[in-house]
Amino acid sequence: MGTSELLWNGLAAILTLAIFSFLYRDNPFYKFAERLVAGVSAGYWTMLLYHTSFTDKVIVPIFQQNEWWYIIPSILGLMMWTRFSRKWSWLSRISLAFYIGISAGVALPISMYASIYKQLEASMVPIAFDMAGINSVLVTIGLICSLAYFFFSKEHSGLFGKVSRVGIYTLMIGFGAGFGLTVMGRISLFIDRVLFLKDYILALFGA
Amino acid sequence: MYFFERITKFDRRIIFLVIGLSVILPLLFRVDMPVDVTQEVKNVYDRIDELPEGSIIVLPCEYAPDTMAELEPMLFAVLRHCFRKNIRVIGCGFFVTGVTLVEQELRQIAKEEGKVYGKDYIFLGYRPYPAVVIMSMGQDFRQSFPEDYYGTPLDSLPMMKNVKNYKDTKLVLTINATSGVDYWIIYGHERYGFPLAIGVTAVMAADYYSYLNSGQIVGIIGGLKGAAEYEKLIGQGDLATMGMNIQSFVHLVIVLFIVIGNVGYLMTRKKRKGLE
């Protein structure tokens, strides 16, 4: 590790410890590190968006490549900024309508197909007498019972109450799996930082 | 009863300290825990392994420093596998704060494996609005990326000769910590029909198993565990394998805390009910 890398990594190590200091209690070191991350991120993505959106999609096509039709989306973009004026804010609705109209037109049919139709189709498979078949039956029972739990037009009592209770258990199993994976994810981040600190300390002492 | 009341009112800082120690101790006394390979990870591995030499895969990586701990080992393992099989890679990144990170990682592994930029791999860089970019790449990669990340026109890169869109590639594998996965499924796979595999954080993995069961994706690499499985498949244990050794130990400690907490809760419940 060169001197420059050692210094930069030293700064990263100090900031890591500053963030971890929150585990003891809130303190100025934590606040500084937190705000530094937010500020650097905002500055970074503002500049990146400027170069990849504004320069590439407005300045270069209009002023260098003479593709004048890029003026139309640019004007629509500028109209979004009229939201800051009470008098002219109605103009921003035109841009928004254009944007939402296109997005809805593109997204709705294909989202319905990918996220609803294909998922329903996958739930309705022939039952086989093997582990996959048992799995399909369990999934189907879990699906129906979970949907029953969210059906509030009928009182959850009697047989319907029992079905919705199975739905709660199914949901709890799902949440449990999600929680377990979340813990695993967070611990992974912590392990990464500890490994970073270990490597840095070893590099610092020339090991 | 006093003991059980005490354990339900543990100072959370003691728990943090114990978790911290349970990460540091396995580092000092290395213990190798077994890693079992799951079918969903093997599916991704097999799909890449079966590709003929010279095939091209698209590797969009959408993550930032806050999720790199899980996804960086995954990218390393997948890239090593691809490069060793002489499979060419088109990298890109649609997550604004992770673009330079992904570019560095791609370059690092390519250097390790002796691969040449433009011939064995390219990096397209970043463009905003992933859904639009994914769809335009289905027409022609050049629509959104007339030039690569370094400003070189795509047509001048040898690897991109006769490569127009997804039809000229064999697989899209997105390593992703964002809702961009949904975009790849909906606007990419469903619209253009290419085989899609995903590598996601552990938090996200549970949400995408339904897409695996429906056949909309060919496989999932989930979190650090998935990355460790992939490392096992390529026969090179690295960051994820080391991380999972520690992770397994920490999980034991967390389970212990959950048991202690529940025992304390159950033993003091009667008393609390009496007070109510």
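The values are calculated or read from the model by the stated rules, or taken from the named source; none is laboratory data. Just so you know, these numbers come straight off a predicted model, no measurement behind them. In this analysis, Cβ positions are derived from the backbone assuming ideal geometry, glycine residues included, and neighbour counts consider all displayed protein chains. Accessible surface areas use protein heavy atoms only, side chains included; no ligands, DNA or RNA. Shrake-Rupley method; radii C 1.70, N 1.55, O 1.52, S 1.80 Å.
Observations on the model:
- Rounded D (µm²/s) - chain B, Kirkwood Rh over Cα pairs, Stokes-Einstein at 20 °C, 1.002 mPa s: 105 µm²/s
- Once the Cα atoms are used to define both axes, helix B:239-275 deviates from the longest principal axis of chain B by about 40 degrees.
- Put simply, chains A and B cover up around 3500 Å² of each other's accessible surface, both sides summed, when a 1.4 Å probe is used.
- Dipole of the protein assembly as shown computed with +1 at Lys/Arg Cβ and -1 at Asp/Glu Cβ about the Cα centre; of A:Y30, A:F196, B:L171, farthest Cα towards the positive end is A:Y30.
- Taken residue by residue and averaged, Cβ atoms of other chains lying within 10 Å of the Cβ of B:200-207 number 6.
- When +1 charges are put on Lys and Arg Cβ atoms and -1 charges on Asp and Glu Cβ atoms, the dipole computed for chain B relative to its Cα centre reaches about 880 debye.
- Using a cut-off of 28 Å between Cα atoms, the listed pairs A:K118/B:K170; A:K154/B:K273; A:K57/B:K111; A:K198/B:K115; A:K31/A:K87; B:K161/B:K232 include A:K154/B:K273; A:K57/B:K111; A:K198/B:K115; A:K31/A:K87; B:K161/B:K232 as exceeding that distance.
- Accessible area (Å², per residue) of the protein assembly as shown, counting only protein heavy atoms and a probe of 1.4 Å: 57 Å²
- Summing +1 for each Lys or Arg and -1 for each Asp or Glu among the other residues whose beta-carbon sits under 15 angstrom from that of B:I19 gives +2.
- Cα-based shape type of the protein assembly as shown, given that a ≥ b ≥ c are square roots of the gyration tensor eigenvalues and the cut on a/c is 1.5: rounded
- Mean ellipticity per residue at 222 nm, deg cm²/dmol - from DSSP H runs of n ≥ 4 across the protein assembly as shown, formula -39500 (n - 2.57): -20000 deg cm²/dmol
- Net charge in the neighbourhood of B:S179 (other residues with Cβ under 14 Å of its Cβ; Lys, Arg +1, Asp, Glu -1) is -3.
- In region B:23-115, the portion of solvent-accessible area held by carbon and sulfur atoms comes to 51 percent [1.4 Å probe, whole percent, DNA, RNA and ligands not counted].
- Sparsely packed GluC sites (Glu not before Pro) within region B:52-125, loop by DSSP, other Cβ within 10 Å at most 11: B:E53
- Dipole of region B:39-236 [Lys/Arg +1, Asp/Glu -1 at C-beta], most positive-end residue of B:F95, B:I122, B:Y211: B:I122
- Of the DSSP H helices in chain A, those whose Cα atoms cover at least 15 Å axially and whose Kyte score averages 0.5 or more: A:3-20, A:28-49, A:90-111, A:131-149, A:158-204
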